[in-house]
């Protein structure tokens with residue numbers, strides 16, 4: 001061979017070129033079909049409701065109190081209203097489900113929570129309640145669900161109804177996977193009922209006013225007891241206090257008792273209020289205005305608890 005002659009490129013067989021062209025065409029067709037399916041797939045949203053926030057903010061706005069025993073909440077109607085609002089805001093999106101986060105003793109559903117759990121497209125997730133009726137573990141449940149759904153691309157938008165600053169980490173986790181988080185709140189009777197750091201982190205904000213909430217919150221009638229009969233003796237009231245303490249302990253367990261004892265001789269407000277209401281029901285006599293009888297009631301309550309420790 002002449003060393004000055006340039007080498008000729010190898011000739012690719014015609015049938016191999018045709019085969020590669022067919023494979024390339026098939027790949028392009030597959031990609032086009034996938035893109036078309038993605039374009040047709042609607043985005044998905046979910047609603048995350050901190051029930052403790054809804055009860056407290058809604059009750060205070062409509063009835064002037066955060067005490068759940070003082071009003072009834074039409075949870076089914078309110079959830080449907082949230083779904084309708086989301087349907088309007090996320091017009092081109094479908095609902096995955098509503099997550100309803102609440103607290104319960106030993107994470108056992110109350111009858112009200114059971115009825116909510118039976119609603120279509122609703123998932124009830126329970127944290128615990130401590131001796132002071134405070135929710136524990138709810139924020140971590142919200143973060144876990146938000147992060148997991150965003151990570152698996154199960155949702156593109158999340159409507160979060162709550163106000164606790166601890167939810168900031170949940171928002172950040174979801175946003176880190178590309179989901180948009182929209183904070184919904186209930187109008188505050190005065191000041192704010194949502195933490196500023198939470199307001200700073202979310203993608204949008206919306207507040208529901210009194211007119212929106214009023215149909216779903218109803219004040220309970222106050223039970224009045226006739227005072228015509230003689231007042232119960234201090235011993236009778238002390239015995240009732242001990243009886244209520246026995247029921248309290250059986251329902252909540254020794255862990256709740258350990259939380260309560262350091263505060264002796266004082267009872268947390270919610271526990272003291274529960275004690276008073278139950279004692280009046282059992283005695284069929286109002287203890288309002290009877291400071292001596294209320295002291296006897298608390299003494300009986302504490303004496304029984306301390307005897308069991």
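Beta bridges from DSSP with both residues in the chain: antiparallel share about 15 percent, rounded to the nearest 5.
By the helix-only formula, in which each DSSP H run with n ≥ 4 contributes -39500 (n - 2.57) and the sum is divided by residues, the chain has a 222 nm mean residue ellipticity of -15500 deg cm²/dmol.
Helix 14-40 and the long axis of the chain differ in direction by around 30°, with both axes built from C-alpha atoms.
Anisotropy class assigned to region 37-86 is prolate, per the alpha carbon gyration tensor with a/c at or over the 1.5 cut-off and a/b larger than b/c. Each Cα pair under 8 Å and six or more residues apart adds its separation to the average, and for region 234-308 the resulting relative contact order is 63 percent. Once the gyration tensor of the Cα atoms in region 234-308 is diagonalised, the equivalent ellipsoid follows with semi-axes of 20, 12, 11 Å, ordered largest first. Once C-alpha pairs closer than 8 Å and six or more residues apart are averaged by separation and normalised to the residue number of region 40-219, the relative contact order reads 27 percent. With a simple spin-label model that places each label point 7 Å from the Cα along the Cα-to-Cβ direction, the separation between residue 72 and residue 128 comes to 3.3 nm. Computed from the Kirkwood radius of its Cα pairs, the Stokes-Einstein diffusion coefficient for region 99-198 at 4 °C and 1.567 mPa s stands at 89 µm²/s.
Computed on the Cα atoms alone, the convex hull of the chain gives a volume of 233 cubic angstrom per residue. Kirkwood's formula applied to the C-alpha pairs of region 148-248 gives a hydrodynamic radius of 18.0 angstrom. Can you grab the distance from the C-alpha centre of region 105-126 to the C-alpha centre of region 246-269, Å, no decimals? Comparing the Cα centres of region 105-126 and region 246-269, I get a distance of 25 Å.
Annotation for residue 94 and residue 243: the two label points, set 7 Å from Cα along the Cα-Cβ direction, are 5.6 nm apart.
Could you compute Rg(Cα) / (2.2 N^0.38 Å) for region 40-219, with N its residue count? Display every interim value, and only then the final one.
Numbers: Rg = 15.4 Å, N = 180, 2.2 N^0.38 = 15.8 Å.
After normalising by residue count via 2.2 N^0.38 Å, the value is 0.97.
Its relative contact order, with pairs defined as Cα atoms under 8 Å and 6+ residues apart, puts the chain at 17 percent. Projected onto planes of every orientation and averaged, the convex hull of the alpha-carbon atoms in region 228-277 covers 4.2 nm².
Where a number appears in this text, it was derived from the coordinates with a stated rule and is not lab data. Bear in mind the structure is a predicted one, so any value in this text is a computation, not a measurement. All Cβ positions, even for glycine, are placed from backbone atoms using ideal geometry, and neighbour counts span all protein chains on display.
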